[in-house]
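J.: There's a structure below that I have some questions on.
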Amino acid sequence: MSYTDLDQKAKTILTENDQGGYTIPTKGLYPYQWNWDSVFVALGFAEFDQDRAWREIEMLFEGQWRDGMVPHILFRKDDPSYFPGPGVWGTDGGPIPSSGHSQPPVAASVILDLVRNDRTGKALERAASLLPGLMAWHRWYLNYRDPKGLGVIAVIHPWESGRDNLPDWDDALRAVEVKDIAPYERKDTSHVDPAMRPHKEDYDRYLSIVAACRKVGWDSAQVAESCPFFVADPGVTFIFLRANRDLLALAERLGKDAEADEIRGWISRMETGAKTLWNEEIRAHVALDERSGKQTDGISSASFLALYAGLADAATLTSLQGHFDRIAAKVRYMMPSYDPDHRCYEPLRYWRGPVWAMINYMIAKGFAEAGDTARADRLRRDTASLIETSGFAEYFSPETGAGAGGGSFSWTAAIWLTWASPSHAQQAA
């Protein structure tokens with residue numbers, strides 16, 4: 001297919017996955033509105049329908065909980081093709097049935113992008129209406145995912161990280177007692193090859209965490225105190241730090257001085273705290289199990305998001321450039337979600353090795369902002385080649401380029417339109 005044909009195919013995927021103002025990731029496998037999927041999708045819609053891009057984010061915030069959380073899934077209908085559905089979660093924190101935890105908070109960053117590239121003349125007005133919800137969500141993260149004020153953001157479930165099956169969660173998951181779960185039938189493995197999905201023993205523990213949080217009524221303070229899984233994640237930490245910088249820029253544009261001062265305090269706290277995730281032995285930021293106090297020992301794609309978060313000091317940049325080049329010598333396509341030199345690397349199993357387009361987009365933005373345009377362009381070219389070779393898959397093998405997971409995937413289409421497409425790159429130049 002030509003670039004023009006791929007551009008049109010990407011638009012078609014977004015419009016066909018559109019459910020009337022919100023977009024599902026893909027039909028069958030993910031039939032609801034997912035948090036960070038929706039926000040990345042807005043970037044794709046913005047290339048041809050900016051009003052629709054705003055509507056995507058506005059509909060996501062319709063499900064915001066009373067305590068400020070924006071959930072990771074909004075169950076706008078009960079679809080029996082997906083498990084676990086709303087009955088398993090048992091939440092009542094917001095106006096729409098939802099899951100009980102959040103997902104990486106990319107919304108402020110994408111909203112700032114929509115404001116900067118506005119063609120409607122209404123972007124600041126729409127951003128202003130979303131600002132109170134954004135502030136409440138960010139306060140929620142600081143209150144309930146960093147209750148000790150460490151300056152790093154923990155996740156209470158692998159699903160909250162957005163990188164569900166990452167090797168970084170293995171040890172902390174093994175400490176979760178399997179209990180309080182009813183017999184269940186997974187639906188994901190009927191849509192996708194089980195060899196690409198988490199193992200049953202992982203799923204048992206996923207559901208045990210849900211059961212533990214349901215026991216305390218999904219009260220955010222009690223969940224933070226008692227959840228058997230509480231792991232500081234470099235991915236969410238760095239995305240949140242970047243989101244705070246972008247939220248500050250929004251607040252300043254809108255003349256919201258009190259909010260801007262508050263956000264500056266958040267940024268200072270996070271810049272200091274991020275240092276606790278640095279693993280001196282492997283020279284990268286890694287996850288930290290706050291229950292056991294143990295750091296993980298592997299480099300994930302999230303380690304490279306330090307630059308996206310603005311942590312581009314010479315030591316961090318030089319180390320990440322070295323890791324980038326070492327990994328690039330091992331695989332054909334960048335960036336694998338886990339280090340191919342690590343014992344837990346699997347090139348086609350969910351988050352244990354595959355390449356994800358939206359992660360490449362964020363890593364590339366960080367390298368470009370740090371002045372390393374060569375590595376940023378390598379990531380864009382690899383992402384484009386993967387999509388040209390294997391279509392708009394959920395994720396891709398870093399070794400062969402084969403597409404895997406769900407097909408006709410919304411955020412892959414969106415990233416093509418907003419960044420990876422050579423036709424978009426030519427327009428940007």
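J.: Report yes if some residue within segment 117-135 is of a type in the set (D, E, K, R), assigned to a helix (DSSP H, G or I) and within 18 Å of the chain's Cα centre (by Cα); otherwise report no. Before the answer, list the steps.
T.: Keep residues of segment 117-135 that are of a type in the set (D, E, K, R), which gives 118-119, 122, 125-126.
Going one step further and asking which of them are assigned to a helix (DSSP H, G or I), we end up with 125-126.
Filter once more, keeping what is within 18 Å of the chain's Cα centre (by Cα): none.
Checked segment 117-135: no residue is of a type in the set (D, E, K, R), assigned to a helix (DSSP H, G or I) and within 18 Å of the chain's Cα centre (by Cα).
J.: Continuing with the same structure: Can you tell me which residue within segment 102-132, out of those that are of a type in the set (D, E, K, R) and open to solvent by less than 70 Å² (accessible area, probe 1.4 Å), is farthest from Tyr144 (Cα to Cα)? Write out each step before concluding.
T.: Applying the first criterion (of a type in the set (D, E, K, R)) to segment 102-132 yields 113, 116, 118-119, 122, 125-126.
From the residues that got through so far, the ones that are open to solvent by less than 70 Å² (accessible area, probe 1.4 Å) too are 113, 118, 126.
Numbers: Asp113: 27, Asp118: 34, Arg126: 28 Å.
The extreme case among them is Asp118.
J.: Continuing with the same structure: Taking helices (runs of 4 or more DSSP H) that do not extend beyond segment 1-101, which have at least 2 residues that are small (Gly, Ala, Ser) and on the phi < 0 side of the Ramachandran plot?
T.: On the way: elements: 3-17, 35-46, 50-61, 86-89.
In segment 1-101, 35-46 are the helices (runs of 4 or more DSSP H) which contain 2 or more residues that are small (Gly, Ala, Ser) and on the phi < 0 side of the Ramachandran plot.
J.: Also, I was wondering about something else. Residues to consider are Leu43, Leu29; find the one that is under 18 Å from Gly405 (Cβ atoms), open to solvent by less than 60 Å² (accessible area, probe 1.4 Å) and within 19 Å of the chain's Cα centre (by Cα). Steps first, answer last, please.
T.: Working: Leu43 fails: under 18 Å from Gly405 (Cβ atoms).
Just a single option satisfies the conditions, and that option is Leu29.
J.: Right, another one. Might you let me know whether segment 243-257 holds any residue that is over 30 Å from Gly87 (Cα atoms), in contact with a Gly (Cβ under 9 Å, 6 or more places away or on another chain), part of a helix (DSSP H, G or I) and modelled with pLDDT of 95 or more? Walk me through how you get there before you give the answer.
T.: Residues of segment 243-257 that are over 30 Å from Gly87 (Cα atoms), as a first pass: 243-257.
Those left that are additionally in contact with a Gly (Cβ under 9 Å, 6 or more places away or on another chain): 245.
Then drop every residue that is not part of a helix (DSSP H, G or I), which leaves 245.
In the following step, the residues that additionally are modelled with pLDDT of 95 or more were identified as 245.
Yes, segment 243-257 contains a residue that is over 30 Å from Gly87 (Cα atoms), in contact with a Gly (Cβ under 9 Å, 6 or more places away or on another chain), part of a helix (DSSP H, G or I) and modelled with pLDDT of 95 or more.
J.: Taking the condition farther than 17 Å from Asp37 by Cβ and hydroxyl-bearing (Ser, Thr, Tyr), does Ser421 pass?
T.: Numbers: farther than 17 Å from Asp37 by Cβ: yes; hydroxyl-bearing (Ser, Thr, Tyr): yes.
When the stated conditions are applied, Ser421 passes them.
J.: Moving on to the next point. Check whether at least one residue in segment 344-356 is within 18 Å of Asp37 (Cβ to Cβ), of a type in the set (Gly, Ala, Ser) and under 21 Å from the mean Cα position of the chain (by Cα), and report yes or no. If you could, list the steps in order and put the result at the bottom.
T.: Of segment 344-356, the ones within 18 Å of Asp37 (Cβ to Cβ) are 350-351, 354-356.
When the remaining residues are screened for being of a type in the set (Gly, Ala, Ser), the result is none.
The answer is no, given that none of the residues of segment 344-356 is within 18 Å of Asp37 (Cβ to Cβ), of a type in the set (Gly, Ala, Ser) and under 21 Å from the mean Cα position of the chain (by Cα).
J.: Of all the helices (runs of 4 or more DSSP H) wholly in segment 165-228, which have at least 1 residues that are at pLDDT below 90 and under 24 Å from Tyr82 (Cα atoms)? Spell out how you get there, then give the answer.
T.: Values: elements: 170-174, 188-191, 200-215, 220-226.
Here the list reads 188-191, 200-215.
J.: Based on this model, can you work out whether Glu281 counts as part of a helix (DSSP H, G or I) and surrounded by fewer than 18 Cβ atoms within 10 Å (Cβ to Cβ)?
T.: Working: part of a helix (DSSP H, G or I): no; surrounded by fewer than 18 Cβ atoms within 10 Å (Cβ to Cβ): yes.
So Glu281 fails the test.
J.: Taking segment 3-17 on its own, how many of its residues are out of contact with any Pro (no Cβ under 6 Å at 6 or more places or on another chain) and touching a residue at least 12 places away in the same chain (Cβ under 8 Å)?
T.: Looking only at segment 3-17, we keep the residues that are out of contact with any Pro (no Cβ under 6 Å at 6 or more places or on another chain), and these are 4-17.
Cutting the leftovers down to touching a residue at least 12 places away in the same chain (Cβ under 8 Å) gives us 4, 6-7, 9-11, 13-14, 16-17.
The number of residues fulfilling the criteria is 10.
J.: If you don't mind, there's one more thing I want to ask. Name every residue in segment 176-218 that is under 19 Å from Asp289 (Cβ atoms) and in contact with an Asp or Glu (Cβ under 6 Å, 6 or more places away or on another chain), in order of residue number.
T.: Result: Val178, single match.
J.: Quick test for you: out of Arg205, Arg174, Arg197, Arg139, pick the one residue that is basic (Lys, Arg) and closer than 19 Å to Trp34 by Cβ. Working first, answer last.
T.: On the way: Arg205 fails: closer than 19 Å to Trp34 by Cβ; Arg174 fails: closer than 19 Å to Trp34 by Cβ; Arg139 fails: closer than 19 Å to Trp34 by Cβ.
Matching residue, one of Arg205, Arg174, Arg197, Arg139: Arg197.
J.: Which numbered condition in (1) over 27 Å from Phe304 (Cβ atoms); (2) crowded, with 19+ Cβ neighbours inside 10 Å; (3) not aromatic (Phe, Trp, Tyr) is the only one that Ala260 fails?
T.: Failed condition: (2).
J.: In segment 133-158, which residue that is in contact with a helix residue (DSSP H, G or I) (Cβ under 8 Å, 6 or more places away or on another chain) and more than 21 Å from Arg66 (Cα to Cα) is surrounded by the most Cβ atoms within 10 Å (Cβ to Cβ)?
T.: Applying the filter and picking the extreme gives Val152.
J.: Can you name the residue in segment 209-255 that is crowded, with 21+ Cβ neighbours inside 10 Å and among the hydroxyl-bearing types (Ser, Thr, Tyr) and is also farthest from Thr91 (Cα to Cα) among such residues?
T.: Per the criteria, the residue is Thr237.
The values are calculated or read from the model by the stated rules, or taken from the named source; none is laboratory data. Everything numeric here is computed off the predicted structure, so don't read it as measured data. Heads up, the Cβs are rebuilt from the backbone with ideal geometry, glycines too, and the neighbour counts pull from every protein chain shown. SASA here: full protein model, heavy atoms, side chains in, ligands and nucleic acids out. Shrake-Rupley method; radii C 1.70, N 1.55, O 1.52, S 1.80 Å.
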